[in-house]
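*Asks:* Mind looking over this structure? Questions follow.
Values in this text are rule-based calculations from the coordinates and carry no lab data. Because the structure is a prediction, the values reported are computed rather than measured. Neighbour counts run over all protein chains shown; Cβ positions are idealised from the backbone, glycine included.
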Amino acid sequence: MGPRAEKAEATRQRLIEVAGELFGSRGYDDTSIEEVLERTGVSKGALYHHFGSKEALFEAVYRTGEQLCLEEVAKAAMKEIDPIERLRAGCQAWLDISMDPHVKQIALIDGPAVLGWQRWREIDEEYAFGLTKHALQEAADAGAIRADNVDTVAHLALAMLGEAAMLIAQAKDGRKARKEAGEAVDRLIAALTLGAG
């Protein structure tokens, strides 16, 4: 990568970082492009060179957050040796992450509203589906769950985790909702193992 490309990438990353801080603390509607420009020192032309709209900037912020969340979930899962415990640890890590106010605002409140439900789900599947399916496939390969429906179960598990995070995000008592969601997820994972063999 040449100096010009490096500078362009650094500008792009700075815009994503600053916009992410603002979107996460204030929400999409209360974050102005002008404030992003002011905080980054980037010209409007440079911003629109990288991102054609405020929505496109938000999508880049959302994708960056998805990648970071995925890395945290994978890190938590890889601490476990047993494939079912890996699956459980990854799911619980995601529920913990969903308690973060910035994640809650960007991924769970503004994400579906700004990107639209369909696009939001597509991006979520793009990042989380592969990891979820991999964890389930490992469990199936180890004989811990049935191997004939991993793809379907991965879609259902992803939907379950998304809904659990939404419940936590919208709850008046987030800690109580997190506890209840975690218990329910553990029970559902345990139910997967009952049909194995």
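*Asks:* Quick one: would you say Leu68 is under 16 Å from the mean Cα position of the chain (by Cα), more than 30 Å from Gly143 (Cα to Cα), free of Cβ contacts under 8 Å to residues at least 24 places away in the same chain and not in a loop (DSSP other than H, G, I, E, B)?
*Replies:* yes
*Asks:* Shifting gears a bit: Please determine whether any residue of the range 89-103 is within 18 Å of the chain's Cα centre (by Cα), over 27 Å from Ala139 (Cβ atoms) and touching a residue at least 24 places away in the same chain (Cβ under 8 Å).
*Replies:* yes
*Asks:* Moving on. Of the residues in the range 140-157, how many are buried (at least 16 other Cβ atoms within 10 Å of the Cβ) and either over 14 Å from Leu192 (Cβ atoms) or in contact with a Lys or Arg (Cβ under 8 Å, 6 or more places away or on another chain) (or both)?
*Replies:* 3
*Asks:* Is it the case that Ile109 is in contact with a helix residue (DSSP H, G or I) (Cβ under 8 Å, 6 or more places away or on another chain), surrounded by 13 or more Cβ atoms within 10 Å (Cβ to Cβ) and over 30 Å from Val185 (Cα atoms)?
*Replies:* When the stated conditions are applied, Ile109 does not pass them.
*Asks:* Since Lys172 meets every condition but one in (1) closer than 30 Å to Gln105 by Cβ; (2) of a type in the set (D, E, K, R); (3) assigned to a helix (DSSP H, G or I), which condition does it not meet?
*Replies:* Among (1) closer than 30 Å to Gln105 by Cβ; (2) of a type in the set (D, E, K, R); (3) assigned to a helix (DSSP H, G or I), Lys172 violates only (3).
*Asks:* If Lys104 satisfies every condition in (1) basic (Lys, Arg); (2) more than 16 Å from Gly162 (Cβ to Cβ); (3) part of a helix (DSSP H, G or I) but one, which is the exception?
*Replies:* Failed condition: (2).
*Asks:* On the basis of being in contact (Cβ under 8 Å) with a residue 60 or more places away in the chain and either at negative phi or of a type in the set (A, V, I, L, M) (or both), does Leu115 make the cut?
*Replies:* So Leu115 passes the test.
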